[in-house]
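Structure, as structure tokens:
The values are calculated or read from the model by the stated rules, or taken from the named source; none is laboratory data. A quick note: this is a predicted structure, and the numbers were derived from the prediction, not measured. Using ideal geometry, Cβ is built from the backbone for each residue, glycine included, and neighbour counts are taken over all protein chains shown. To get the accessible areas, we keep the full protein, side chains included, count just its heavy atoms, and leave off ligands, DNA and RNA. Shrake-Rupley method; radii C 1.70, N 1.55, O 1.52, S 1.80 Å.
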Amino acid sequence: MKCALVVPAWVPQEIFSSKTASSQINYWQPLGTLYVAAVLRQAGHEVRFFNGAFLTHNAICAGLREFNPGFIGLYSTTFGWEKAKKAAQDFKMMLGKQVFICAGGPYPIAAQEKCLEDAGASMDAIITGEGEYSTLELIERLESGNGLEGIRGVVYNSAGGIIKNQPRPLISDLDAIPFPARDLLGDAGLYIPPPATYKRKPVAVLMTSRGCNRNCIYCFQIDKTRKSGIRCRSVENVLKEIEHCLKEGYREIKFIDDTLAADYNRALRLAREIKARGLDFTWFASACVNQVDKPLLQAFKDAGCWAILFGAESGVQKNLNTIRKGTTLAQIRTAVKAAREVGLKVSTPFMFGIPGETFEEGLQTIDFAVDIDPDIANFHAITPFPGTYLYDNIEKFGYLSDELSDFTYQGAAFVPYTMTREEIIKLRRIGFRKFYGRPSFMLKKLLELRTPHDFGVALKSIKSLFWLFINNNERLKAKS
Ligand code: B12
């Protein structure tokens, strides 16, 4: 069947201030959708991918009219749901009701049948978990003209109303899934992360494991129970994909595992094999502060890793406990110090608006960020995505926006009982100013400039800092 996979059209200005978007916008590859594409193609279906990160809605419509697919699969985050709904209405109108339209991704996984109730007749089904095999089975049923009864992981509209099939168990053998269909991306050069977070390009995104065994209250995971823990691909399978990416011309890899060091020995083996095989690429990964030590970080460094992201989140232990991070301030200090000592750049996201947090504690977090002195610090607002513990227990903690487009870490979605929205917005502004506005930090960055890329990053950062200082950041303005 002709299958179109679509990320509905969106623009950075919907998330970031136009003044600072250039230093903040991220275009990692949409790996999840590319996995679904790879499985459909492997089964013989003709697949095209339309990414609304780089295509307008009209351009996507024109492409679909020319391709005339029998199946359209839409990707949606919470932020993107209204767009996915509108896109489905327009595509149905344009191609007729015989085209089968379904949605998948974080929001449909969390909201399930609510999506169909909300979207009405323009949406025929929702994929409620990992999409590879649920989508394939659904398409094969459509081709055979049989109904969708019993296909696990599917909720669908039927003459008799909305039918919710059993959830599909999570994929246990991740090695069996074909590599993401990155060739469907067209120009890989478009998929660049925020300027300060890559060294070489093009950049591929790669996932060596799925899931997380931690219980952070704000984090969305396909397996809400976390009972499945972390499912790992074999090191051999991961190395094969890395070699495949290098053959495709990629020069940097962003490992998007929630933590690459969950299995210490596996992480060490992966790093040592990358080095032993002399695979020429730079890489960036994330890890939990209490899963790493200096020898592992040294092995990462020796294997081409140039930066590591540690989810620091807060500089106040009480608030770390509230979000159930399972880490301590001392562990954050130790991990950042060890990473710096082996020569890795360190990136640490922090968040404000944690339930029970006060404005003063927010200032403490900023002082902590300055004190541990990472290379990159981000100051987000905690965002209770549907499908998370925080979202499901929101009344206990604070006020939630009912506008789905507010769910973007930028501060509009949630206010705890102990703070105001203005205070969260203010803390984010103070955080960026105080951290990046330090003469010592600017001098350090100036002395590190080596390549034209570095100069580009510096210019974009200075521009963002300038707008942050003159306080003209409409996106950071409090929602009235
Ligand atoms: C890569 C990525 C991006 C990329 C690409 C997103 C895209 N697809 O266009 C970029 C950088 C552009 C991006 C942007 C944003 N992102 Co983002 N992103 C991710 C990240 C790190 C990896 C996604 C991934 O590939 N996962 C691995 C695969 C295996 O899982 P998966 O994507 O869920 O895919 C499976 C299923 O969802 C399903 N599926 C996926 N796609 C499709 C498509 C169809 C048709 C079907 C049927 C099924 C299906 O099958 C897949 C395979 O099993 C996730 C975190 C994470 N670890 O998942 C955050 C994440 C998806 N992003 C998130 C957010 C909030 C955003 C932003 C709003 C961030 C912001 N800047 O403020 C924007 C919104 C953009 C938008 N248009 O919606 C949240 C979404 C939470 C929610 N419930 O809404 C996540 C979950 C991070 C988090 N934990 O908070 N993101």
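Among the residues that make up the stretch 156-164, is at least one of them in the same structural domain as Gly326 (by TED's automatic domain parsing) and open to solvent by less than 20 Å² (accessible area, probe 1.4 Å)?
no
Considering (1) in contact (Cβ under 8 Å) with a residue 60 or more places away in the chain; (2) out of contact with any strand residue (DSSP E or B) (no Cβ under 9 Å at 6 or more places or on another chain), say which one Ala176 fails and leave the rest.
Failed condition: (1).
Residue by residue, here is whether (1) out of contact with any Cys (no Cβ under 7 Å at 6 or more places or on another chain); (2) closer than 16 Å to Ile424 by Cβ holds:
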| residue | (1), (2) |
| --- | --- |
| Thr282 | yes, no |
| Gln291 | yes, no |
| Phe310 | yes, no |
| Val342 | yes, no |
| Val346 | yes, no |
| Ile354 | yes, yes |
| His380 | yes, yes |
| Thr388 | no, no |
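Look through the stretch 260-278, keep the residues that are open to solvent by 60 Å² or more (accessible area, probe 1.4 Å) and in a loop (DSSP other than H, G, I, E, B), and return whichever of them is farthest from the ligand (Cβ to nearest atom). Break it down stepwise before answering.
Step one: list which residues in the stretch 260-278 are open to solvent by 60 Å² or more (accessible area, probe 1.4 Å), which gives 263-265, 269, 272-273, 275-277.
Still in the running and in a loop (DSSP other than H, G, I, E, B): 263, 277.
Numbers: Asp263: 17, Arg277: 25 Å.
Result: Arg277.
Determine which member of the set Glu46, Glu14 is open to solvent by 30 Å² or more (accessible area, probe 1.4 Å) and within 21 Å of Gln98 (Cα to Cα). Don't jump to the end; show me each part of the working.
Details: Glu14 fails: within 21 Å of Gln98 (Cα to Cα).
Testing whether each residue is open to solvent by 30 Å² or more (accessible area, probe 1.4 Å) and within 21 Å of Gln98 (Cα to Cα) leaves just Glu46.
Run down Ile192, Ile253 and say which single residue is touching a Cys at 6+ places or on another chain (Cβ under 9 Å), among the β-branched types (Val, Ile, Thr) and over 20 Å from Ile323 (Cβ atoms).
None of the others qualify; the one that does is Ile253.
Count, please, the residues in the stretch 124-135 that happen to be in contact (Cβ under 8 Å) with a residue 40 or more places away in the chain and either of a type outside the set (Gly, Ala, Ser) or not assigned by TED's automatic domain parsing to the domain that holds Gly44 (or both).
6
Just one of the numbered conditions (1) surrounded by fewer than 24 Cβ atoms within 10 Å (Cβ to Cβ); (2) of a type in the set (A, V, I, L, M); (3) near the ligand (Cβ under 9 Å from one of its atoms) is not true of Leu148; which one?
Exception for Leu148: condition (3).
Just the residues that are over 26 Å from Asp223 (Cα atoms) and among the acidic types (Asp, Glu), please, taken from the stretch 141-170.
Glu143 - this is the single residue of the stretch 141-170 that is over 26 Å from Asp223 (Cα atoms) and among the acidic types (Asp, Glu).
Going by what's in this entry, would Leu427 be described as part of a helix (DSSP H, G or I), among the aliphatic types (A, V, I, L, M) and either more than 24 Å from the chain's Cα centre (by Cα) or over 26 Å from Gly105 (Cβ atoms) (or both)? Give the derivation first.
Details: part of a helix (DSSP H, G or I): yes; among the aliphatic types (A, V, I, L, M): yes; either more than 24 Å from the chain's Cα centre (by Cα) or over 26 Å from Gly105 (Cβ atoms) (or both): yes.
Here the answer is yes, as Leu427 does meet what is asked.
If you take the residues of the stretch 108-123 that are closer than 30 Å to Leu174 by Cβ and among the small types (Gly, Ala, Ser), which of them is nearest to the ligand (Cβ to nearest atom)?
The first filter runs over the stretch 108-123 and keeps only residues closer than 30 Å to Leu174 by Cβ, leaving 108-116, 123.
Those still in the list that are among the small types (Gly, Ala, Ser) too: 110-111.
Working: Ala110: 6, Ala111: 9 Å.
Within the stretch 108-123, the match that is nearest to the ligand (Cβ to nearest atom) is Ala110.
One line per residue, one yes/no per condition, for (1) modelled with pLDDT under 95; (2) open to solvent by 30 Å² or more (accessible area, probe 1.4 Å):
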site: Gly362; (1), (2): no, no
site: Asp406; (1), (2): yes, no
site: Met419; (1), (2): no, no
site: Arg438; (1), (2): yes, yes
site: Arg450; (1), (2): yes, yes
site: Ala458; (1), (2): yes, no
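Can you name every residue in the stretch 227-259 that is assigned to a loop (DSSP other than H, G, I, E, B), open to solvent by less than 30 Å² (accessible area, probe 1.4 Å) and more than 12 Å from the ligand (Cβ to nearest atom)?
Taking the stretch 227-259 and keeping what is assigned to a loop (DSSP other than H, G, I, E, B), we get 227-230, 233-234, 248-251, 256-259.
Among the residues that remain, those that are also open to solvent by less than 30 Å² (accessible area, probe 1.4 Å) are: 229, 233, 249-250, 257, 259.
Once the filter is applied, which keeps residues that are assigned to a loop (DSSP other than H, G, I, E, B), open to solvent by less than 30 Å² (accessible area, probe 1.4 Å) and more than 12 Å from the ligand (Cβ to nearest atom), the stretch 227-259 yields Gly229, Gly249, Tyr250.
Scan the stretch 394-402 and tell me whether some residue there is open to solvent by 10 Å² or more (accessible area, probe 1.4 Å), among the basic types (Lys, Arg) and at pLDDT 95 or above. Break it down stepwise before answering.
Kept after step one, since they are open to solvent by 10 Å² or more (accessible area, probe 1.4 Å), are these residues of the stretch 394-402: 394-397, 399-402.
Keeping just the survivors that are among the basic types (Lys, Arg) gives 396.
Restricting the remaining residues to those that are at pLDDT 95 or above gives 396.
Scanning the stretch 394-402, I find at least one residue that is open to solvent by 10 Å² or more (accessible area, probe 1.4 Å), among the basic types (Lys, Arg) and at pLDDT 95 or above, so the answer is yes.
Can you confirm whether the stretch 187-205 contains a residue that is within 14 Å of the ligand (Cβ to nearest atom) and on the phi > 0 side of the Ramachandran plot?
Checking the stretch 187-205: not a single residue is within 14 Å of the ligand (Cβ to nearest atom) and on the phi > 0 side of the Ramachandran plot.
Mind checking which pairs have a first residue in the stretch 408-424 that is among the polar types (S, T, N, Q) and a second that is assigned to a helix (DSSP H, G or I) and within 10 Å of the ligand (Cβ to nearest atom), Cβ under 9 Å, 6 or more apart or different chains?
Short answer, once both residue conditions are applied: Thr408/Glu14.
Would you mind stating whether Ile126 is crowded, with 20+ Cβ neighbours inside 10 Å, within 9 Å of the ligand (Cβ to nearest atom) and not polar (S, T, N, Q)?
Answer is yes for this residue.
Pairs, please: C-beta under 6 Å, at least 6 apart or cross-chain, first residue free of Cβ contacts under 8 Å to residues at least 40 places away in the same chain and in the stretch 158-173, second hydrophobic (A, V, I, L, M, F, W, C)?
Filtered contacts from the stretch 158-173: Asn165/Ile151; Asn165/Val154.
State all residues of the stretch 86-107 that are open to solvent by less than 10 Å² (accessible area, probe 1.4 Å) and either outside any strand (DSSP E or B) or more than 8 Å from the ligand (Cβ to nearest atom) (or both); if no residue qualifies, say none. Before you say what the answer is, go through the steps one by one.
Going residue by residue through the stretch 86-107, those that are open to solvent by less than 10 Å² (accessible area, probe 1.4 Å) are 87-88, 91, 99, 101-103.
The answer is Ala87, Ala88, Phe91, Val99, Ile101.
Considering every residue within the stretch 108-117, establish whether at least one is in contact with a Cys (Cβ under 9 Å, 6 or more places away or on another chain), outside any strand (DSSP E or B), free of Cβ contacts under 8 Å to residues at least 40 places away in the same chain and crowded, with 17+ Cβ neighbours inside 10 Å.
Quick first cut of the stretch 108-117, residues in contact with a Cys (Cβ under 9 Å, 6 or more places away or on another chain) only: 108.
Next cut, outside any strand (DSSP E or B) only: 108.
With free of Cβ contacts under 8 Å to residues at least 40 places away in the same chain added as a condition, the list becomes 108.
Checking which are crowded, with 17+ Cβ neighbours inside 10 Å leaves us with 108.
Yes, there is a match, as at least one residue in the stretch 108-117 is in contact with a Cys (Cβ under 9 Å, 6 or more places away or on another chain), outside any strand (DSSP E or B), free of Cβ contacts under 8 Å to residues at least 40 places away in the same chain and crowded, with 17+ Cβ neighbours inside 10 Å.
What do you reckon, is Glu140 outside any helix (DSSP H, G or I) and modelled with pLDDT of 95 or more?
Numbers: outside any helix (DSSP H, G or I): no; modelled with pLDDT of 95 or more: yes.
No, not satisfied.
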